[in-house]
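Asks: Okay, here's the structure, questions in a sec.
Just so it is clear, none of the values below were taken in a lab; they were calculated from the coordinates. Being a predicted model, the structure only gives us computed values, none of them experimental. Here the Cβ is made from the backbone with ideal geometry for all residues, glycine too, and neighbour counts use every protein chain on show.
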């Protein structure tokens, strides 16, 4: 991992900072779900995926020195907690729809980073790491979609749109702070 850390191109530091913020928020989404839900299936889902998100967070923290990480961890954690806890109040379908919305955004976010590194073989290790994280996030999305088999109603669609917009706004801020 230290080899990857020395290969971070300067134009990717903000992207990795946003990954740090996002993975921190993701861990806390699952903390929020677990704080509210009593549904055994949702609890199992949240525990498994929280462990994966924690692994991603650990990887990003190995890549970025503390001085280059997001400085807004308290807001990211609070936003993550609420993003998990609020839908958990409304049941499994809302939780799964929320996770699907978040992971759909994250898939595109990682893809943008992967594409930036496509023609830069000197950063193949970093690109490989991002591909691995992206694959995990897509598995989370796909599993959530399988559990939430019925299409979301209008209120849940609005919530998911807000989650996607909030994720995009958070990335914009985290790239800088």
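Asks: With viscosity set to 1.306 mPa s at 10 °C, what whole-number translational diffusion coefficient in µm²/s follows for the chain from Stokes-Einstein and a Kirkwood radius over Cα pairs?
Replies: Reported coefficient: 98 µm²/s.
Asks: Another one. Expressed as an acute angle from 0 to 90° and rounded to the nearest 10, what is the orientation of the C-alpha long axis of helix 124-147 relative to the principal long axis of the chain?
Replies: 10 degrees
Asks: Moving on to the next point. To the nearest 0.05, what FRET efficiency results for residue 158 and residue 112 with a Förster distance of 41 Å applied to their C-beta separation?
Replies: E between residue 158 and residue 112, to the nearest 0.05, is 0.95.
Asks: What residue among 46, 101, 66 shows peak mean-square fluctuation when the chain is described by a Gaussian network model with Cα springs under 10 Å?
Replies: Taking springs between Cα atoms under 10 Å, the residue moving most is 66.
Asks: Just from its helices, what would the mean residue ellipticity at 222 nm be for the chain, if runs of 4 or more DSSP H residues each count -39500 (n - 2.57) and the sum is divided by every residue, rounded to the nearest 500 deg cm²/dmol?
Replies: -27500 deg cm²/dmol
Asks: Further question on the same structure: I'd like the orientation of helix 40-63 relative to the chain: the angle between its Cα long axis and the longest Cα principal axis, in ° from 0 to 90, rounded to 10.
Replies: That helix lies at roughly 10 degrees to the long axis.
Asks: Taking Cα atoms, how many degrees apart are the long axis of helix 154-174 and the longest axis of the chain, rounded to 10 and kept between 0 and 90?
Replies: Helix 154-174 sits at roughly 20 degrees to that axis.
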